[in-house]
Amino acid sequence: MADPQHLVAPTYAIREAHDDDWPQIWSIIRDVITEQQTIAYDPGMSEHDAKQMWLLPAPARVVVAADGHRVAGTANMYANRPGPGSHIASGTLMVAEQARGTGVGRALTTDMIDWARRDGFAAIQFNAVVETNTAAVRLYESLGFVTLGTAPGAFRHPTRGAVGLRIMWLDL
């Protein structure tokens, strides 16, 4: 008989991040930036610096995708720029390796879209989507994002060399 856990994808609750989530959030961030495949962050970033960068104060928002007590992904979202650019949202999301392909990225991105609409943003702009991160590109496109342009060779991929960074946009 088939294992029922393999028949149904886990259900992830998206909720505000709590202080006690940090160890799991840090584990995800550390793994993703060390891979150097999908995020243009310094792979040598310290935990202290990561915490300062990720846990942004309000009005920004930091969430986790949790399956029970296990954090499977995290996102932060904020105004893309201050002042005259503050009507456009942006954000970053990261998914734990073992949770990729299970709907965590979609759940986090959908939550970000809902948040941006609720808070009155006109659009969402992702500033640096690595073009070889095809899972993310396909996900964002399936949710209505378009590529405005690509900065060629702007990301040093560890195995593919210099690849482009896409600027992706969603009108709200």
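The values are calculated or read from the model by the stated rules, or taken from the named source; none is laboratory data. This one's a predicted model, so the numbers in the text were calculated from it and none came from an experiment. Positions of Cβ are backbone-derived with ideal geometry, glycine not excepted, and every protein chain shown enters the neighbour counts.
Cβ separations smaller than 8 Å between residues 6+ apart or across chains give the following pairs from segment 119-132 residues that are touching a residue at least 12 places away in the same chain (Cβ under 8 Å) and aromatic (F, W, Y) to residues that are crowded, with 21+ Cβ neighbours inside 10 Å and not in a strand (DSSP E or B): F126/Y140; F126/F145. Can we say G105 is in contact with a strand residue (DSSP E or B) (Cβ under 6 Å, 6 or more places away or on another chain), assigned to a helix (DSSP H, G or I) and crowded, with 19+ Cβ neighbours inside 10 Å? So G105 passes the test.
Which of the residues belonging to segment 100-114 are touching a residue at least 60 places away in the same chain (Cβ under 8 Å) and not hydroxyl-bearing (S, T, Y)? Residues satisfying the conditions are G103, V104, A107, L108, D111. The condition of being aliphatic (A, V, I, L, M) and at pLDDT below 95 holds for only one of I88, I39, that being I39. Do the conditions hold for T74, that is, is it at pLDDT 95 or above, in contact with a strand residue (DSSP E or B) (Cβ under 9 Å, 6 or more places away or on another chain) and either outside any helix (DSSP H, G or I) or under 20 Å from L165 (Cβ atoms) (or both)? The answer is yes for T74.
Within segment 40-53, residues that are on the phi < 0 side of the Ramachandran plot and part of a helix (DSSP H, G or I) have Cβ atoms under 6 Å from residues that are at pLDDT 95 or above and surrounded by 12 or more Cβ atoms within 10 Å (Cβ to Cβ) in these pairs: E47/W26; A50/I29, counting only partners at least 6 apart in sequence or on another chain.
Just checking, how many residues over segment 108-121 are of a type in the set (A, V, I, L, M, F, W, C) and either part of a loop (DSSP other than H, G, I, E, B) or modelled with pLDDT under 95 (or both)?
At the first step, the residues of segment 108-121 found to be of a type in the set (A, V, I, L, M, F, W, C) are 108, 112-113, 115-116, 121.
Those left that are additionally either part of a loop (DSSP other than H, G, I, E, B) or modelled with pLDDT under 95 (or both): 121.
Selection size over segment 108-121: 1.
Taking (1) crowded, with 19+ Cβ neighbours inside 10 Å; (2) under 20 Å from I28 (Cα atoms); (3) not hydroxyl-bearing (S, T, Y) in turn, L170 satisfies each apart from (2).
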